[in-house]
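Report on the following structure.
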């Protein structure tokens with residue numbers, strides 16, 4: 001059980017890190033004409049509780065001379081959500097680590 005929780009926390013960290021990188025990429029390209037940011041899509045792995053995966057959906061292409069489609073308010077909000085997700089995944093890992101340590105101490 002603790003190993004599954006550890007894996008769930010690790011996949012959560014990885015997904016949050018990738019999503020935050022995607023958001024940073026969109027913010028960095030705010031001034032790029034025709035830039036279309038990708039949308040991060042999270043999905044729970046099967047079986048349930050075994051972690052999370054992330055994929056990115058491209059938006060519809062714009063004309064090359066169109067302004068960037070990056071919405072700074074949305075990307076800033078997303079960045080805060082992804083940071084919170086990262087922090088919570090780290091707490092899952094800490095709890096799993098404590099449970100594994102307790103289990104090892106009990107068996108020793």
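Taken together, the values in this text are just the output of simple stated rules run on the coordinates, not laboratory data. Quick caveat: nothing in here was measured; it's all calculated off a predicted structure.
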(request) Please provide three numbers in whole Å: the alpha-carbon extents of the chain along the principal axes, with the largest listed first. (result) 67, 23, 15
(message) Which residue fluctuates most in the GNM of the chain (Cα springs below 10 Å): 34, 12, 51?
(response) 34
